[in-house]
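Notes follow the structure.
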Amino acid sequence: MWRSFRCRRLGWAVVVLFSFILVGCAARPGPEVLTPVAASSGEKTLQIYVATTREREISSGNVFTANQANALNFAKFVVSVPPNHKSGNIEMPTATPDPRSSFAVVDQAVMSEADFRKAVAPQGDTRRKKHKAFVFVHGFNSNFQESLFRLAQLQADIRIDGIPILFSWPSQGQVAAYETDKQSASRSRDYLMALLTMLSSSSEVGDIVVVAHSMGAMLTVDALRQLRIEGKDRVIARLGRVVLAAPDINAETFRAQVQAIGPLKPPLLVLVSRDDGALRLSSFLDGGIARAGDINVDDPVVREAALKEKVQIVDISRLAKHDDLGHDQFVSVAVLYSRLHEQAARYRNTAGTFIFVDDDETFLRPIDIGNQVAAQ
């Protein structure tokens, strides 16, 4: 399927690399922004749970390093949303957060595994209404603070109907640490499997939604593949939706992984863009092999493969960008979804290729396969 994709030119990769380095030099939030501040009256607050393979700086605190822990660490954060919040944007706090102008941590707690399980995956009366779990897996070059506030932004914009859980793996948060991040993400696979198994075993958890971005998608697909290999089909069956946003995965490897996992219900949703500069760089570093996140939905081979493998591949190139490289374009999907989710719902169980369009009449447009639209 994927061998028909063209290799990226060296000149373009050099330009992207230069841009990437410039982006990486921008000011980034340090652990000081995790210190709780007093919330102002009237501000909306969000409660976010954390399962992370990062080490704690000290055992009694919630500052997490880029080192790999030997077990999952758990935490809870309460984040306030600034009154001037603009959909799709993270109003990132400075060293002295001001809840009136930026996201801010207003409370936090260290949690034991038992505390975490009781909060997000309790065992109880099966007659009670089940709650949903929303798991976000961040990508490459993300420190803990950035991934926490990204999930807060997604929760604020999507109005997540369920408990938001950040699965944070020990990205170095450095542009030059690409290979180190890949290894760290791979080493976190079994822990993501453990989290999904925990959630699926709860009698009070209903749908489990997983949204994985960039290198986090590589980690997520590897976890699903291993769950299938180990015969943990029940865990996979409990996943109400798996979304791979700009997946930084070798495209040839990706199809083999999808085949090993098998069809999901609803289908695996892959958000792709031909304007993603970060994935073009990743392709260059991988010998010119296309990434799963920048494949061309206009290619008949891709369209046919999406139907055969029973996945949804959605081109989001037309949507607004939220960073210089277009790698965070998936955020625009979240903004649109909160407004037009009913239009997208009709295609929830439909495999094939689609295009996101940001207008008042069309949200998700199927791409014809010959003279026939991908069937439900």
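The values are calculated or read from the model by the stated rules, or taken from the named source; none is laboratory data. No experiment lies behind these values; they were computed from the predicted model shown. Cβ sites come from the backbone with ideal geometry, for glycine too, and all protein chains shown count toward neighbours. Surface areas here come from the heavy atoms of the whole protein model, side chains and all, with no ligands, DNA or RNA. Shrake-Rupley method; radii C 1.70, N 1.55, O 1.52, S 1.80 Å.
Below, the figures for the structure above:
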| read-out | value |
| --- | --- |
| Net length gained if the chain between His131 and Ala71 were fully extended (0.36 nm per residue, minus Cα distance) | 19.0 nm |
| Global form of the chain, assessed from the alpha-carbon gyration tensor, a/c cut-off 1.5 | rounded |
| Cβ-placed point charges (K, R +1; D, E -1), dipole of the stretch 261-351 about Cα centre in debye, nearest 20 | 440 |
| Convex hull volume of the stretch 19-163 per residue (C-alpha atoms, cubic angstrom) | 132 |
| Folded to 0 to 90 degrees: helix 189-200 orientation relative to the chain principal axis, Cα | 80 |
| Whole-Å distance, taken between Cα centres, linking the stretch 114-178 and the stretch 47-75 | 13 |
| Volume of the Cα convex hull of the stretch 80-158, divided per residue and given in Å³ | 137 |
| Highest to lowest packing among 237-246, 82-91, 97-106, scored as the average C-beta count within 10 Å | 237-246, 97-106, 82-91 |
| Sequence-distant lysines (8 or more away, or on other chains) whose Cα lies within less than 25 Å of Lys321 | Lys86, Lys182 |
| For the chain, share of DSSP beta bridges that run antiparallel, in % to the nearest 5 | 40 |
| Cα-based equivalent ellipsoid, the stretch 154-196: semi-axes from gyration tensor eigenvalues, Å | 25, 16, 6 |
| For the stretch 121-173, the Rg and Dmax computed from alpha carbons only, in angstrom | 13.8, 44 |
| Net +/- balance of residues flanking Ala38 in space, Cβ distance below 12 Å, scoring K and R +1, D and E -1 | -2 |
| Proximal lysines to Lys132, defined as alpha-carbon separation beneath 23 angstrom and excluding residues fewer than eight positions away on the same chain | Lys44, Lys76, Lys118, Lys232, Lys265 |
| Accessible surface, per residue, of the stretch 212-350 when the full set of protein chains is kept, probe 1.4 Å, Å² | 37 |
| Efficiency of FRET from Cβ geometry, Glu179 and Glu204, R₀ 41 Å, rounded to 0.05 | 0.50 |
| Projected area averaged over orientations for the stretch 69-227, convex hull of C-alpha atoms, nm² | 10.0 |
| Cα shape, the stretch 194-296, gyration tensor, a/c 1.5 rule | prolate |
| Within the accessible area of the chain (1.4 Å probe), percent carbon and sulfur | 50 |
